[in-house]
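One structure is given below, encoded as C-alpha coordinates.
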Amino acid sequence: PGVFENATVDTNILLIQKKQTPEKHLKAVTLQKQNDTVNIEQQLQERAVILEKLTKDAWFIGSSVEQRIKEKIEHIGKPLKDWDVNIYYGIKTGLNEAFIITTEKRNEILANCKDEDERKRTEAIIKPILRGRDIKRYYYEWAGLWVIVIPAGWTNENRGKENAEKFIEKNFPSLMNHLRPFEAKAKNRDDQGDYWWELRHCAYYPEFEKEKIIYPNMTKFLPFVYDTNKMFPNPKCYIITGKNLKYLLGVFNSKICSYWIRQNCPELQGGTREIQSRVFLNFTPPPITSANQPIVSQIEALVDKILAAKKENPQADTKNLENEIDQLVYKLYNLTPEEIKIIEGGENYED
(Lines give C-alpha, C1' and ligand atoms only; values in the text may rest on other atoms or scores of the structure.)
Protein backbone atom coordinates (compact mmCIF):
# COMPACT_ATOMS: atom_id res chain seq x y z
CA PRO A 1 0.00 0.00 0.00
CA GLY A 2 1.21 3.50 -0.78
CA VAL A 3 3.96 2.38 -3.16
CA PHE A 4 2.31 4.15 -6.09
CA GLU A 5 1.63 7.74 -5.02
CA ASN A 6 -1.12 8.47 -7.53
CA ALA A 7 -3.09 5.29 -6.86
CA THR A 8 -6.24 5.83 -4.78
CA VAL A 9 -6.78 2.11 -4.18
CA ASP A 10 -4.47 -0.78 -3.38
CA THR A 11 -2.67 -1.90 -6.54
CA ASN A 12 -2.10 -5.52 -7.54
CA ILE A 13 0.52 -6.41 -10.16
CA LEU A 14 0.55 -9.85 -11.79
CA LEU A 15 3.85 -11.00 -13.32
CA ILE A 16 3.18 -14.00 -15.56
CA GLN A 17 5.73 -16.28 -17.21
CA LYS A 18 4.94 -19.14 -19.57
CA LYS A 19 6.44 -22.49 -18.52
CA GLN A 20 6.31 -25.98 -19.96
CA THR A 21 5.26 -27.39 -16.60
CA PRO A 22 2.70 -25.20 -14.82
CA GLU A 23 3.46 -24.45 -11.17
CA LYS A 24 0.73 -25.18 -8.64
CA HIS A 25 1.66 -22.34 -6.31
CA LEU A 26 2.01 -18.62 -6.83
CA LYS A 27 4.46 -16.34 -5.04
CA ALA A 28 3.22 -13.00 -3.75
CA VAL A 29 4.49 -10.12 -1.66
CA THR A 30 2.88 -7.08 -0.06
CA LEU A 31 5.02 -4.01 -0.64
CA GLN A 32 5.29 -1.17 1.85
CA LYS A 33 6.59 2.23 0.81
CA GLN A 34 9.78 2.58 2.87
CA ASN A 35 11.81 4.75 0.51
CA ASP A 36 11.59 6.30 -2.93
CA THR A 37 12.82 3.24 -4.79
CA VAL A 38 11.29 -0.18 -4.27
CA ASN A 39 12.98 -3.11 -5.98
CA ILE A 40 10.03 -5.42 -6.64
CA GLU A 41 12.21 -8.36 -7.76
CA GLN A 42 14.36 -8.15 -4.64
CA GLN A 43 11.33 -7.86 -2.37
CA LEU A 44 9.76 -10.86 -4.09
CA GLN A 45 12.88 -12.95 -3.53
CA GLU A 46 13.32 -11.93 0.11
CA ARG A 47 9.74 -11.70 1.39
CA ALA A 48 7.52 -13.73 -0.92
CA VAL A 49 4.84 -16.03 0.46
CA ILE A 50 3.32 -18.98 -1.35
CA LEU A 51 -0.38 -18.76 -2.19
CA GLU A 52 -1.31 -22.39 -1.76
CA LYS A 53 -5.09 -22.44 -1.68
CA LEU A 54 -6.37 -20.23 -4.44
CA THR A 55 -10.10 -20.08 -5.05
CA LYS A 56 -12.42 -18.10 -7.27
CA ASP A 57 -12.78 -15.60 -4.41
CA ALA A 58 -10.41 -12.70 -3.76
CA TRP A 59 -6.81 -13.81 -3.19
CA PHE A 60 -5.27 -13.27 0.21
CA ILE A 61 -1.56 -12.45 0.47
CA GLY A 62 -0.13 -13.55 3.79
CA SER A 63 2.21 -15.91 5.57
CA SER A 64 1.22 -19.50 6.25
CA VAL A 65 0.15 -18.47 9.77
CA GLU A 66 -1.95 -15.61 8.40
CA GLN A 67 -3.53 -17.95 5.88
CA ARG A 68 -4.42 -20.36 8.71
CA ILE A 69 -6.00 -17.49 10.66
CA LYS A 70 -8.07 -16.57 7.61
CA GLU A 71 -9.25 -20.16 7.23
CA LYS A 72 -10.21 -20.42 10.90
CA ILE A 73 -12.14 -17.16 10.85
CA GLU A 74 -14.02 -18.25 7.74
CA HIS A 75 -14.64 -21.91 8.68
CA ILE A 76 -15.48 -21.50 12.37
CA GLY A 77 -17.51 -18.33 11.93
CA LYS A 78 -20.80 -17.71 10.15
CA PRO A 79 -21.11 -14.84 7.62
CA LEU A 80 -22.88 -11.84 9.10
CA LYS A 81 -25.32 -11.92 6.16
CA ASP A 82 -26.60 -15.26 7.53
CA TRP A 83 -27.26 -13.87 11.03
CA ASP A 84 -30.66 -12.53 12.04
CA VAL A 85 -29.52 -8.93 11.58
CA ASN A 86 -29.90 -6.13 9.05
CA ILE A 87 -27.43 -3.40 8.06
CA TYR A 88 -28.66 -0.01 6.89
CA TYR A 89 -26.89 3.25 6.12
CA GLY A 90 -27.76 6.44 7.97
CA ILE A 91 -30.42 8.99 7.19
CA LYS A 92 -30.10 11.22 4.12
CA THR A 93 -31.64 14.69 4.01
CA GLY A 94 -30.32 16.07 0.72
CA LEU A 95 -30.07 19.48 2.40
CA ASN A 96 -28.33 19.34 5.77
CA GLU A 97 -28.36 23.10 6.25
CA ALA A 98 -32.15 22.97 6.48
CA PHE A 99 -32.86 19.64 8.13
CA ILE A 100 -29.93 19.27 10.55
CA ILE A 101 -30.08 21.82 13.36
CA THR A 102 -28.29 22.67 16.60
CA THR A 103 -29.79 22.27 20.05
CA GLU A 104 -30.08 26.06 20.18
CA LYS A 105 -32.16 26.15 16.98
CA ARG A 106 -34.30 23.23 18.19
CA ASN A 107 -35.03 25.03 21.45
CA GLU A 108 -35.91 28.19 19.50
CA ILE A 109 -38.34 26.30 17.26
CA LEU A 110 -40.00 24.62 20.25
CA ALA A 111 -40.17 27.88 22.21
CA ASN A 112 -42.03 29.54 19.31
CA CYS A 113 -44.77 26.90 19.20
CA LYS A 114 -48.15 28.48 19.93
CA ASP A 115 -49.35 25.77 22.33
CA GLU A 116 -48.35 22.51 24.02
CA ASP A 117 -49.94 20.35 21.28
CA GLU A 118 -47.85 21.98 18.56
CA ARG A 119 -44.78 21.67 20.74
CA LYS A 120 -45.36 17.93 21.27
CA ARG A 121 -45.94 17.33 17.55
CA THR A 122 -42.80 19.25 16.65
CA GLU A 123 -40.67 17.69 19.35
CA ALA A 124 -41.66 14.22 18.11
CA ILE A 125 -40.21 14.75 14.62
CA ILE A 126 -36.89 16.35 15.67
CA LYS A 127 -34.48 13.48 16.35
CA PRO A 128 -30.93 13.45 17.79
CA ILE A 129 -28.37 12.69 15.08
CA LEU A 130 -24.85 11.23 15.18
CA ARG A 131 -22.02 11.75 12.71
CA GLY A 132 -19.33 9.21 11.90
CA ARG A 133 -16.76 11.22 13.88
CA ASP A 134 -18.99 11.01 16.98
CA ILE A 135 -18.74 7.20 17.19
CA LYS A 136 -16.18 5.79 19.61
CA ARG A 137 -15.57 2.27 20.85
CA TYR A 138 -18.51 1.43 23.15
CA TYR A 139 -19.67 5.07 23.43
CA TYR A 140 -20.39 8.16 21.36
CA GLU A 141 -19.76 11.88 21.77
CA TRP A 142 -23.01 13.52 20.70
CA ALA A 143 -22.42 16.99 19.26
CA GLY A 144 -25.88 18.31 20.19
CA LEU A 145 -27.20 18.09 16.62
CA TRP A 146 -30.74 17.17 15.57
CA VAL A 147 -32.43 16.12 12.34
CA ILE A 148 -35.95 17.09 11.26
CA VAL A 149 -37.67 13.89 10.14
CA ILE A 150 -40.93 14.15 8.24
CA PRO A 151 -40.75 10.94 6.17
CA ALA A 152 -42.01 10.68 2.61
CA GLY A 153 -45.70 9.81 2.65
CA TRP A 154 -46.35 11.23 6.12
CA THR A 155 -48.19 14.33 4.89
CA ASN A 156 -50.54 12.43 2.58
CA GLU A 157 -51.22 9.79 5.24
CA ASN A 158 -52.32 12.43 7.77
CA ARG A 159 -53.82 15.37 5.87
CA GLY A 160 -57.08 13.72 4.77
CA LYS A 161 -58.65 15.91 2.09
CA GLU A 162 -56.94 19.06 3.33
CA ASN A 163 -54.49 20.90 1.06
CA ALA A 164 -50.94 19.68 1.83
CA GLU A 165 -49.43 23.17 2.22
CA LYS A 166 -52.23 24.33 4.51
CA PHE A 167 -52.06 21.10 6.54
CA ILE A 168 -48.30 21.32 7.22
CA GLU A 169 -48.47 25.05 7.98
CA LYS A 170 -51.36 24.53 10.40
CA ASN A 171 -49.70 21.67 12.28
CA PHE A 172 -46.08 22.91 12.31
CA PRO A 173 -46.10 26.72 11.97
CA SER A 174 -42.96 27.26 14.06
CA LEU A 175 -41.05 24.50 12.27
CA MET A 176 -42.12 25.81 8.86
CA ASN A 177 -40.87 29.28 9.79
CA HIS A 178 -37.44 27.67 10.03
CA LEU A 179 -37.78 25.56 6.85
CA ARG A 180 -39.43 28.12 4.56
CA PRO A 181 -36.22 30.04 3.68
CA PHE A 182 -34.82 26.75 2.32
CA GLU A 183 -37.87 25.94 0.15
CA ALA A 184 -36.24 26.63 -3.22
CA LYS A 185 -33.17 24.53 -2.42
CA ALA A 186 -35.30 21.78 -0.88
CA LYS A 187 -37.40 21.52 -4.02
CA ASN A 188 -34.28 21.07 -6.16
CA ARG A 189 -32.72 18.28 -4.09
CA ASP A 190 -32.80 14.62 -5.11
CA ASP A 191 -33.45 13.19 -1.64
CA GLN A 192 -36.98 14.40 -0.97
CA GLY A 193 -40.39 12.88 -0.41
CA ASP A 194 -43.77 13.77 -1.86
CA TYR A 195 -43.29 17.37 -0.73
CA TRP A 196 -40.22 19.55 -0.26
CA TRP A 197 -40.46 19.45 3.56
CA GLU A 198 -40.37 15.64 3.58
CA LEU A 199 -37.29 13.39 3.55
CA ARG A 200 -36.73 10.72 0.92
CA HIS A 201 -38.70 7.48 0.73
CA CYS A 202 -37.09 4.97 3.08
CA ALA A 203 -38.56 1.65 4.21
CA TYR A 204 -36.48 1.41 7.38
CA TYR A 205 -37.13 4.67 9.28
CA PRO A 206 -38.52 2.63 12.24
CA GLU A 207 -35.18 0.76 12.51
CA PHE A 208 -33.44 3.92 13.71
CA GLU A 209 -35.49 3.95 16.90
CA LYS A 210 -34.69 0.32 17.76
CA GLU A 211 -31.87 -1.10 19.85
CA LYS A 212 -28.94 -1.10 17.45
CA ILE A 213 -25.22 -1.07 16.78
CA ILE A 214 -23.83 2.01 15.03
CA TYR A 215 -20.46 2.25 13.29
CA PRO A 216 -18.84 4.78 10.91
CA ASN A 217 -18.42 3.79 7.27
CA MET A 218 -14.93 5.34 7.10
CA THR A 219 -12.70 5.23 10.15
CA LYS A 220 -9.18 4.68 11.39
CA PHE A 221 -10.25 3.53 14.84
CA LEU A 222 -12.80 0.83 13.86
CA PRO A 223 -15.30 1.65 16.65
CA PHE A 224 -18.72 0.09 17.22
CA VAL A 225 -21.26 1.45 19.70
CA TYR A 226 -24.52 0.14 21.18
CA ASP A 227 -27.48 2.53 21.16
CA THR A 228 -30.82 2.42 22.97
CA ASN A 229 -31.41 6.19 22.83
CA LYS A 230 -33.08 6.24 19.40
CA MET A 231 -30.22 8.13 17.80
CA PHE A 232 -30.43 8.78 14.06
CA PRO A 233 -27.00 8.44 12.40
CA ASN A 234 -26.11 10.40 9.27
CA PRO A 235 -25.05 8.72 5.97
CA LYS A 236 -21.46 8.50 7.24
CA CYS A 237 -22.63 5.67 9.51
CA TYR A 238 -24.27 2.28 9.31
CA ILE A 239 -26.68 0.73 11.78
CA ILE A 240 -27.17 -2.95 12.61
CA THR A 241 -30.47 -4.14 14.07
CA GLY A 242 -31.58 -7.64 14.98
CA LYS A 243 -30.68 -10.29 17.55
CA ASN A 244 -27.64 -11.00 19.74
CA LEU A 245 -26.42 -7.42 19.39
CA LYS A 246 -24.39 -7.27 22.61
CA TYR A 247 -22.52 -10.44 21.73
CA LEU A 248 -21.87 -9.11 18.22
CA LEU A 249 -20.77 -5.75 19.65
CA GLY A 250 -18.10 -7.51 21.71
CA VAL A 251 -16.87 -9.44 18.67
CA PHE A 252 -16.92 -6.35 16.44
CA ASN A 253 -14.85 -4.34 18.93
CA SER A 254 -12.38 -7.19 19.41
CA LYS A 255 -8.85 -7.26 18.01
CA ILE A 256 -9.71 -10.14 15.71
CA CYS A 257 -12.46 -8.14 13.99
CA SER A 258 -10.07 -5.18 13.63
CA TYR A 259 -7.57 -7.59 12.07
CA TRP A 260 -10.23 -8.89 9.65
CA ILE A 261 -11.24 -5.35 8.66
CA ARG A 262 -7.61 -4.41 7.96
CA GLN A 263 -7.28 -7.50 5.77
CA ASN A 264 -10.53 -7.05 3.85
CA CYS A 265 -11.63 -3.41 3.77
CA PRO A 266 -10.04 -0.78 1.51
CA GLU A 267 -7.42 1.46 3.11
CA LEU A 268 -7.76 5.16 2.36
CA GLN A 269 -5.38 7.98 3.24
CA GLY A 270 -3.91 8.06 6.72
CA GLY A 271 -4.82 4.48 7.59
CA THR A 272 -8.57 5.09 7.36
CA ARG A 273 -10.64 2.04 6.41
CA GLU A 274 -13.89 2.01 4.45
CA ILE A 275 -16.18 -0.57 6.06
CA GLN A 276 -18.61 -1.08 3.20
CA SER A 277 -21.71 -3.04 4.20
CA ARG A 278 -21.39 -5.43 1.24
CA VAL A 279 -17.90 -6.33 2.50
CA PHE A 280 -18.68 -6.37 6.21
CA LEU A 281 -21.58 -8.77 5.63
CA ASN A 282 -18.89 -11.35 4.81
CA PHE A 283 -17.30 -11.09 8.26
CA THR A 284 -17.84 -14.36 10.13
CA PRO A 285 -18.53 -14.06 13.88
CA PRO A 286 -18.52 -17.41 15.67
CA PRO A 287 -22.11 -18.73 15.70
CA ILE A 288 -23.81 -19.24 19.05
CA THR A 289 -24.15 -22.90 19.97
CA SER A 290 -25.05 -24.85 23.10
CA ALA A 291 -21.36 -25.71 23.43
CA ASN A 292 -20.05 -22.13 23.38
CA GLN A 293 -23.04 -20.45 25.09
CA PRO A 294 -21.09 -20.01 28.39
CA ILE A 295 -18.37 -18.04 26.55
CA VAL A 296 -20.99 -16.01 24.68
CA SER A 297 -22.67 -15.17 28.00
CA GLN A 298 -19.31 -14.08 29.45
CA ILE A 299 -18.77 -11.76 26.48
CA GLU A 300 -22.25 -10.24 26.88
CA ALA A 301 -21.67 -9.71 30.62
CA LEU A 302 -18.35 -7.96 29.92
CA VAL A 303 -20.02 -5.79 27.27
CA ASP A 304 -22.65 -4.78 29.84
CA LYS A 305 -19.90 -3.79 32.28
CA ILE A 306 -18.13 -1.70 29.62
CA LEU A 307 -21.35 0.02 28.56
CA ALA A 308 -22.21 0.82 32.19
CA ALA A 309 -18.73 2.24 32.79
CA LYS A 310 -18.84 4.36 29.62
CA LYS A 311 -22.33 5.62 30.45
CA GLU A 312 -21.12 6.83 33.83
CA ASN A 313 -17.88 8.24 32.40
CA PRO A 314 -17.15 8.08 28.64
CA GLN A 315 -13.43 8.33 29.40
CA ALA A 316 -13.47 5.37 31.80
CA ASP A 317 -10.58 2.98 31.20
CA THR A 318 -12.13 -0.32 30.11
CA LYS A 319 -9.05 -1.83 28.46
CA ASN A 320 -8.87 -4.74 30.91
CA LEU A 321 -12.48 -5.67 30.21
CA GLU A 322 -11.89 -5.34 26.47
CA ASN A 323 -8.81 -7.54 26.73
CA GLU A 324 -10.91 -10.18 28.48
CA ILE A 325 -13.32 -10.11 25.54
CA ASP A 326 -10.39 -10.49 23.13
CA GLN A 327 -9.24 -13.64 24.93
CA LEU A 328 -12.74 -15.12 24.84
CA VAL A 329 -13.10 -14.39 21.12
CA TYR A 330 -9.73 -16.08 20.50
CA LYS A 331 -11.16 -19.14 22.27
CA LEU A 332 -14.22 -19.14 20.07
CA TYR A 333 -11.99 -19.18 16.98
CA ASN A 334 -9.62 -21.79 18.50
CA LEU A 335 -6.58 -19.60 17.86
CA THR A 336 -3.12 -20.79 18.88
CA PRO A 337 -0.61 -18.59 20.78
CA GLU A 338 1.29 -18.12 17.50
CA GLU A 339 -1.88 -16.97 15.72
CA ILE A 340 -2.82 -14.64 18.58
CA LYS A 341 0.64 -13.08 18.37
CA ILE A 342 -0.02 -12.25 14.70
CA ILE A 343 -3.41 -10.69 15.56
CA GLU A 344 -2.00 -8.60 18.38
CA GLY A 345 1.02 -7.53 16.38
CA GLY A 346 -1.15 -5.51 14.04
CA GLU A 347 -1.80 -1.79 14.09
CA ASN A 348 -3.05 -0.41 17.38
CA TYR A 349 -6.38 1.33 16.96
CA GLU A 350 -7.25 3.54 19.90
CA ASP A 351 -10.05 6.08 20.22
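The values are calculated or read from the model by the stated rules, or taken from the named source; none is laboratory data. Please read all numbers here as calculations on a predicted model, not as lab measurements. Every residue, glycine as well, gets a Cβ built from its backbone with ideal geometry; the counts of neighbours run over all protein chains shown. Accessible surface is based on the protein model in full, side chains and every heavy atom, while ligands, DNA and RNA are left aside. Shrake-Rupley method; radii C 1.70, N 1.55, O 1.52, S 1.80 Å.
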*Go through the stretch 177-293 and tell me which helices (runs of 4 or more DSSP H), entirely inside it, have 2 or more residues that are within 18 Å of the chain's Cα centre (by Cα) and of a type in the set (D, E, K, R).*
255-264
*Determine which single condition Lys120 fails, assuming it passes every other condition in (1) open to solvent by 80 Å² or more (accessible area, probe 1.4 Å); (2) not aromatic (Phe, Trp, Tyr); (3) not in a helix (DSSP H, G or I).*
(3)
*Is there a residue in the stretch 100-107 that is assigned to a loop (DSSP other than H, G, I, E, B), in contact with a strand residue (DSSP E or B) (Cβ under 8 Å, 6 or more places away or on another chain) and within 30 Å of Glu312 (Cα to Cα)?*
no
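This table checks each residue for (1) closer than 27 Å to Glu116 by Cα; (2) in contact (Cβ under 8 Å) with a residue 12 or more places away in the chain; (3) surrounded by 20 or more Cβ atoms within 10 Å (Cβ to Cβ); (4) in contact with a helix residue (DSSP H, G or I) (Cβ under 6 Å, 6 or more places away or on another chain).
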{"residue": "Arg200", "(1), (2), (3), (4)": "no, yes, no, no"}
{"residue": "Lys220", "(1), (2), (3), (4)": "no, yes, no, yes"}
{"residue": "Tyr226", "(1), (2), (3), (4)": "no, yes, yes, yes"}
{"residue": "Asn229", "(1), (2), (3), (4)": "yes, yes, no, no"}
_Among the residues that make up the stretch 150-168, is at least one of them modelled with pLDDT of 95 or more, touching a helix residue (DSSP H, G or I) at 6+ places or on another chain (Cβ under 6 Å), open to solvent by 20 Å² or more (accessible area, probe 1.4 Å) and among the aliphatic types (A, V, I, L, M)?_
no
_For Gly94: the one exception among (1) outside any helix (DSSP H, G or I); (2) more than 24 Å from Ala203 (Cα to Cα)_ = (2)
*What about Thr102, is it over 20 Å from Pro216 (Cα atoms) and buried (at least 20 other Cβ atoms within 10 Å of the Cβ)?*
no
